[in-house]
Amino acid sequence: MNGAPSPSGPRLGGGPAALRRAVEQLDLEALGAELHALVRELYPIGRSITGEGLRRSLRILGRLEPVRLEEIPTGTRVLDWEIPPEWTVRGARLTAPDGEVIADYDRLNLHLVAYSVPFRGRLSLDELQPHLHSLPDRPSLVPYRTSFYVEDWGFCLAHEQRLRLRPGTYQVAIDTALTAGTLTLGEMILPGETADEVLVSAHACHPSLANDNLSGMVVAAALARALAGVPHRYTYRFLLVPTTIGSIAWLARNPAATARVRHGLVLAGVGDREPLHYKRSRRGDAEIDRAMALVLASSGERHELLPFSPTGYDERQYCSPGFDLPVGSLSRGLAGTYPEYHTSGDTPELVAPERLAGTVRRCLELFEVLEGNGTFENTSPRGEPMLGRRGLFSPGAWPSHSDRDLQAVLWALSLSDGSHTLLDVAERAGLAFPVVRGAAERLAGAGLLREVGTARATLVRREGAR
Ligand code: ZN
């Protein structure tokens, strides 16, 4: 554990500097192309909250970083919920009176309402209508519909096609099974120097929906792989789970790990062309909320910060009052706000390679802040120490207003009284975190700063002082 203040800066230049190099050396073009190819490969697989499609998808992601699958049996109680039966689809077709196939699971898996019970029969159009789902306001798109916890069956189709259906006898053939099986959770765990955890969660249960689902999954896997190659202080846990029931099951079964979560992020819808949106944790001012705000402000990209709301994705579970974990959520297009959301319009073409890679970059920068957010003490606090003598100041650099590095040196000296973290310094100074961290490392190298603790240790001290 990292509770005790570390001695004078021995680890400086370790994890955060390695992460900085990893960010700087990212080949965004190659990474974007690789992740987009993965999205295209995963797209046609028939995933749901249980079943072989989910397991197969997780195994494919395991090529980037080994993934551990946990299988939870049907009927297991998890918090206020119960693990549902496992759903298997062998095929599903709706055929019109003239023999035309109106909807076919093999052509597009969105055509079948997820968790449809098996059904075979001949129905009139009037009898069929209550089982059909379409979108009058987006008549060319097939919607995504589910019936997870209600026994029902149905087909989804484009509204323009539905309007063309003629009276007559329709054939329904839904060859599915709901059986006692398991629900699968995928985890990638990267042990760090401490047991304190950073949790990254992405839902993995949607069928052919590229942005809302696959983008978060591939970005999470790419982050896990990137972290595997650099030293880090925190233990990182990537959860690839069915939405709602998956995060609830994980929380129910992992109380010890839950207690170790210091920062968390839900990734969803991170591949489309919208700017990044960060929704704060329920706490609103958690370290991750401040770190992400700083990263986005420093990025120079258009972005938006949103207050917490108990809607969206699995942050609803992580931030529920009984857990209240510091978990924020990162998206580009927000759930329910773009026309392709939860429809056949959410194809790999909606996802841009450079947006996937750009999201990876911002998340690594976020980790860089969390990893490097130490607390320092100025060893020469009476008056400014003489910087020129130590090579920290060149006469031409004064006045400092245009020299970010010198500003960072002065701010780090000014605020390093043992109670401010480097994130505090960067916020007060209006500087990007790597600039401040770099200044602190140079000052520590010159013996002018001494690391007295990580952000966590500082927080504990502050809370203890109240
Ligand atoms: Zn969704």
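Some notes on this structure:
- Computed label-point distance, nm, for sites Val101 and Leu125 using a 7 Å Cα→Cβ extension: 2.3
- Unit charges on C-beta of K, R, D, E only; dipole of the chain, Debye: 860
- Relative contact order, percent, region 261-339 [alpha-carbon distance under 8 Å, six or more residues apart]: 53
- Cα-derived Rg over Rh, computed across region 87-179 with Rh taken as Kirkwood radius: 0.93
- Over all orientations, region 321-424 has a Cα convex hull whose mean projected area works out to 12.0 square nanometres.
- Our note on the geometry: Cα centres of region 85-147 and region 400-443, 59 Å apart.
- Signed unit charges on C-beta, dipole axis of region 374-454, positive-most listed residue Phe393, Leu423, Leu448: Phe393
- Counting only DSSP H runs of at least 4 residues, each contributing -39500 (n - 2.57), and dividing by the residue count of the chain, the helix-based mean residue ellipticity at 222 nm comes to -9500 deg cm²/dmol.
- Beta bridges per DSSP, both residues in region 87-179: antiparallel share near 85 percent.
- Length-normalised contact order for the chain - Cα pairs under 8 Å, 6+ apart - percent: 19
- Region 169-210 and region 302-366 have Cα centres spaced 17 Å apart.
- Residue-wise HN-Hα couplings along region 76-92, as the Karplus relation 6.51 cos²θ - 1.76 cosθ + 1.60 with θ = phi - 60° gives them from phi, are 5, 6, 9, 6, 8, 10, 9, 5, x, x, 7, 9, 10, 10, 9, x, 7 Hz; Gly and Pro carry x.
- Amide H to amide H, with H built 1.01 Å from N, Leu183 comes under 5 Å of Ile72, Thr74, counting only residues 5 or more places away or on other chains.
- Taking every alpha-carbon pair under 8 Å whose residues sit at least 6 apart, region 34-84 reaches a relative contact order of 17 percent.
- Tensor-based shape of region 374-454 (alpha-carbon gyration tensor, a/c under 1.5 rounded, otherwise prolate or oblate): oblate
- With the convex hull drawn around the C-alpha atoms of region 11-75, the volume per residue stands at 125 Å³.
- Amide H to amide H distances under 5 Å link Thr146 with Ala114, where only residues 5 or more positions off or on other chains count and H is placed in the peptide plane.
- All-pairs alpha carbon distance profile, region 229-289, 10 Å steps from 0, percent: 16, 41, 38, 5
- Hydrodynamic estimate: the Kirkwood radius of the chain over Cα pairs, inserted into Stokes-Einstein at 37 °C and 0.692 mPa s, corresponds to D of 137 µm²/s.
- Calculated over region 286-335: convex hull of Cα atoms, volume per residue (Å³): 69
- In order through region 144-157: 3J(HN,Hα) via Karplus (6.51 cos²θ - 1.76 cosθ + 1.60), integer Hz, x for Gly, Pro: 9, 10, 10, 9, 4, 10, 10, 6, 7, 9, x, 10, 10, 8
- Antiparallel beta bridges, as assigned by DSSP with both residues in the chain, represent about 65 percent of the total such bridges.
Taken together, the values in this text are just the output of simple stated rules run on the coordinates, not laboratory data. Everything quoted here is computed from the prediction, not taken from an experiment. Note that we place each Cβ from the backbone using ideal geometry, even for glycine, and neighbour counts take in every protein chain shown.
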